[in-house]
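Below is one structure, written out as structure tokens, with a few remarks after it.
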């Protein structure tokens, strides 16, 4: 069964990419064809010629984004990665191991972790490897690092559920366009609203459980300690803040014409990013574009793709490029330390 699943998930991810890219290509081709000159070029050329034309149109959209919007998008990215660093700090507080580990060290570790995880995929595995190397160097045991990784993953999931519950509760109509992509989403609006408030209610119960000091949950030899209220309070702030910052990158990169507002952009981001994670596609390539275009039909598809390219540049590619020298500097410092002790 394990071998079957090892093959199944990569194939599922590949199928999601192929399906999403094909749908994206059709949408973009249809949009740019509204220009008679471009339509003539598309009719005369083959697939590669069509792709070249579409890329040119998207490039024009990127050039049309004001410099101020790029600055605001970059600021949103900084907010997102600062909140991600807070995830690690919160997990260290939960373990009571934050002493002796500076904010700078935690921030660098978190930055490299998420830069790799967001681009490579399998965030628990890739994030675990980086954190294991970094935090064992500060005296944490492998078991403590495992709890830290789980805590960070839970914080992200918790923030996603909090915001998703709010979005579905107040804007249940956001799911309707997705039925065109997948009939599974053909759900009555009131059912979606109820589900949203139910999700948010479950998140509130988590806070209440901490306030009431629920006892540790024991599963065999494993004991899961309920986070203390100061830890939970920080999770409630940090997790939504990271997602709001990440969605802000896309919001500021979108044009004013047809822009549905930040709340709808946030909802589209939550749905598309979650779909990308579930499909195990690195960066959610194709999947995010398909969901965003479906949820925001009034925004030109080329503008949506351009905004997501800005997001991928600031949130994925630049952090990945910066993480490489960070890792090299860390390993150089560790080597010097070992040589000095030797």
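Read the figures in this text as sums done on the coordinates, not as results from a lab. Not measured: the values here are computed from a predicted model. All Cβ positions, even for glycine, are placed from backbone atoms using ideal geometry, and neighbour counts span all protein chains on display.
Tabulated values for the structure
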{"item": "Inter-site label distance for residue 60 and residue 150 at 7 Å from Cα along Cβ, in nm", "result": "5.4"}
{"item": "Residue 133-residue 229 FRET efficiency (beta carbon distance; Förster radius 30 Å; 0.05 resolution)", "result": "0.40"}
{"item": "log10 of Debye I(q)/I(0), alpha-carbon scatterers only, for region 67-341 at 0.07, 0.09, 0.13 Å⁻¹", "result": "-0.28, -0.45, -0.92"}
{"item": "Separation between Cα centres of region 247-265 and region 162-217, rounded to whole Å", "result": "22"}
